[in-house]
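First up is the structure itself, then whatever we jot down about it.
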Amino acid sequence: MVVAGPTGPALSREEVDRALARLGAEHEAVESSLLALQDHAGRRLLEGAELTGTTRSRWESTELLITQLWVYFDAYTDALEAARELRGRRRWPTSGELSELTDLLRGTAVTLPAGPPQAGMVTLGVAARLSERLSLMELVERMNSWYAQALDVVVIADAVWSALPTRIDLLAAELGRVRSLAHSVGVLPGEHPAGDDLERLTMELAALRSEVISDPLVFWTGAPPGSAPGGRPDTARYDRAERALEDLRREVEAVLDVRQDAERRLMRVRDVLSRADRTLGEARRARMEVLSKIAAYEVPVVSGPPTVLYEQLETAGEYRRRAAWHRLSPLLESLEQRAEEELLRARESLTAVTAPLAVRAELRGRLDAYKAKAARLGLAEDGLVVERYDAARRMLWSAPCDLVAAEQAVLRYQRAVAGALAPQGPAASGTDGHRDGHRTGTGTGTGGTHDR
């Protein structure tokens, strides 16, 4: 006969055996989990670390939680052993024993201390009471919930400590290499912005490592490890430091490149400035020649040598001797650009001052070409042609040469040759000569000196 109790109808022998088997399996699972938590590397690190901030407060609560878990597990073990002992008295339990087993397995037969009424216990979901009664199933559910909470703290701390400190140490080692290289090329704090940045980055990495070690829980982003899709260690500050170091490394290597090819670049700048100086000297000499040989022509003034650039070149040499590569780098870049600009300006100046001589040479060439043409056409003895050739030649080979008048003389000679080739060449020529009224060029250039 089945006797009904406070927890409902009494369980049958088979139901009692199945319940005991299920609770025994739960007991083994909980025990294995608690032992694994006890031996977890993250828990041992938390126990030995000097924690601060969020991690300290949560770990204090978690330690209380783990203590309560063992208390609850011991109560669970005692209740399960009592039920097993009662069931093991006889093969076929009496109805009274079945009712008692039903109360043990289903009823609130486990009396537990509520624990000290500390602030941390509020986070555990336990009211500040002296004791409470729970069923074995409720006890298992609560232990599973508390275990998940404790495990989250331990796993997050372990994950952060596994991910960040080693990476920070490797980055710090690379930072040390870059700092050593920077110091070798004169990139020092207070003297170069990159040197100041390296110092700030060194302090930032040291502070980051200290914070990761003492308060790892604040470096977790996303959901707890047991949730889906879960979270991960927050590496934002580390990533920024890594990018900053890469930028600084490139800047320091650029300064190192300057050191390695500084002499070559300085020699090239000196060569370019020397060529510019020689070109300006040639332009000044050409201007004097033009002023003495060409009349009524505006000749531009030639500037002096680039003294400022030579002073900067001396400064660059001093930087190289003092190994001030970080100062030499920007100065060399400026010098290279300005030296090329100075050479271009010198060439333009030479072209500008020699333009009149180029015009005179072009007129001389044109005159000689038409003379050769006239000779081929049998006009070498033509009086007007000869006369106008002589006038143009006197102008072009006398100093100072009036280029405007000389150009007109050359044009008159060209017209004379063209007129002589016309069908009425002789008559036209005579007529043309009569129209001139006097010999062209007889009053032009007669007082000049012979110019080659």
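The values are calculated or read from the model by the stated rules, or taken from the named source; none is laboratory data. Here the structure is a predicted model, which means the values were calculated and not measured. Please note: Cβ atoms are built from the backbone with ideal geometry, for glycine as well, and neighbour counts cover all protein chains shown. To get the accessible areas, we keep the full protein, side chains included, count just its heavy atoms, and leave off ligands, DNA and RNA. Shrake-Rupley method; radii C 1.70, N 1.55, O 1.52, S 1.80 Å.
Does Ala194 meet the test of being farther than 30 Å from Ala148 by Cβ, without any contact (Cβ under 8 Å) to a residue 60 or more places away in the chain and either part of a helix (DSSP H, G or I) or open to solvent by less than 50 Å² (accessible area, probe 1.4 Å) (or both)? It would help to see each step written out before you state the result.
On the way: farther than 30 Å from Ala148 by Cβ: yes; without any contact (Cβ under 8 Å) to a residue 60 or more places away in the chain: no; either part of a helix (DSSP H, G or I) or open to solvent by less than 50 Å² (accessible area, probe 1.4 Å) (or both): yes.
Spelling it out, it is not the case that Ala194 is farther than 30 Å from Ala148 by Cβ, without any contact (Cβ under 8 Å) to a residue 60 or more places away in the chain and either part of a helix (DSSP H, G or I) or open to solvent by less than 50 Å² (accessible area, probe 1.4 Å) (or both).
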Exercise for review: Quickly run through region 110-159 and pick out the residues that are outside any helix (DSSP H, G or I), open to solvent by less than 20 Å² (accessible area, probe 1.4 Å) and either modelled with pLDDT under 60 or among the β-branched types (Val, Ile, Thr) (or both).
Suggested key: Val110, Leu124, Val126
Check your understanding: Only one of (1) farther than 21 Å from Ser292 by Cα; (2) open to solvent by 60 Å² or more (accessible area, probe 1.4 Å); (3) of a type in the set (Asp, Glu) is not met by Glu387, so which one is it?
Key -> (2)
Point to revise | Long-range neighbours under 6 Å by Cβ, at least six apart or interchain, first residue farther than 14 Å from Arg179 by Cα within region 242-259, second among the small types (Gly, Ala, Ser) | key: Val258/Ser329
Study note, to complete from the structure: Counting only helices (runs of 4 or more DSSP H) entirely within region 1-109, those with at least 2 residues that are modelled with pLDDT of 85 or more, β-branched (Val, Ile, Thr) and open to solvent by less than 50 Å² (accessible area, probe 1.4 Å) are 53-87
Study note, to complete from the structure: When region 345-358 is checked residue by residue, the ones that are touching a Ser or Thr at 6+ places or on another chain (Cβ under 7 Å) and open to solvent by 60 Å² or more (accessible area, probe 1.4 Å) are Arg347
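Do you know which residues across region 301-353 are polar (S, T, N, Q), more than 34 Å from the chain's Cα centre (by Cα) and part of a helix (DSSP H, G or I)? Step through it out loud before you land on a result.
Step one: of region 301-353, the residues polar (S, T, N, Q) are 303, 307, 312, 315, 329, 334, 337, 349, 351.
Add one more test, that the residue is more than 34 Å from the chain's Cα centre (by Cα), and what stays is 303, 307, 349, 351.
Answer for region 301-353, where residues must be polar (S, T, N, Q), more than 34 Å from the chain's Cα centre (by Cα) and part of a helix (DSSP H, G or I): Thr307, Ser349, Thr351.
Taking region 228-269 as the search range and keeping residues that are among the β-branched types (Val, Ile, Thr) and within 27 Å of Ala339 (Cα to Cα), which one is nearest to the chain's Cα centre (by Cα)?
At the first step, the residues of region 228-269 found to be among the β-branched types (Val, Ile, Thr) are 235, 252, 255, 258, 269.
The next check asks that each one be within 27 Å of Ala339 (Cα to Cα); those that pass are 252, 255, 258, 269.
On the way: Val252: 13, Val255: 16, Val258: 20, Val269: 30 Å.
The qualifying residue nearest to the chain's Cα centre (by Cα) is Val252.
Is it the case that some residue within region 164-185 is on the phi > 0 side of the Ramachandran plot and not charged (D, E, K, R)?
As a first pass, look at region 164-185 and keep what is on the phi > 0 side of the Ramachandran plot: none.
For region 164-185, residues on the phi > 0 side of the Ramachandran plot and not charged (D, E, K, R): absent.
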Exercise for review: List every residue pair whose Cβ atoms lie under 9 Å apart, where the two residues are 6 or more positions apart in sequence or sit on different chains, the first residue falls within region 53-71 and is at positive phi, and the second residue, located anywhere, is in a helix (DSSP H, G or I).
Suggested key: Gly53/Glu211; Gly53/Ser214; Gly53/Leu217; Gly53/Val218
Practice item. Would you point out the residue of region 209-240, among those that are among the hydrophobic types (A, V, I, L, M, F, W, C) and at pLDDT below 80, that is most open to solvent (accessible area, probe 1.4 Å)? Key: Ala228
Point to revise | Those residues of region 163-181 which are closer than 30 Å to Pro224 by Cα and touching a residue at least 40 places away in the same chain (Cβ under 8 Å), in sequence order | key: Ala163, Leu164, Pro165, Arg167, Ile168, Asp169, Leu171
Revision key, fill the gap. Sole miss for Arg243 among (1) of a type in the set (D, E, K, R); (2) at pLDDT 95 or above; (3) surrounded by 15 or more Cβ atoms within 10 Å (Cβ to Cβ) is condition (3)
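Here's the yes/no breakdown for (1) within 30 Å of Val269 (Cβ to Cβ); (2) surrounded by 18 or more Cβ atoms within 10 Å (Cβ to Cβ):
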site	(1), (2)
Pro330	yes, no
Ser334	yes, no
Arg360	no, yes
Lys371	no, yes
Ala392	no, yes
Trp397	no, yes
Pro400	no, no
Gly419	no, yes
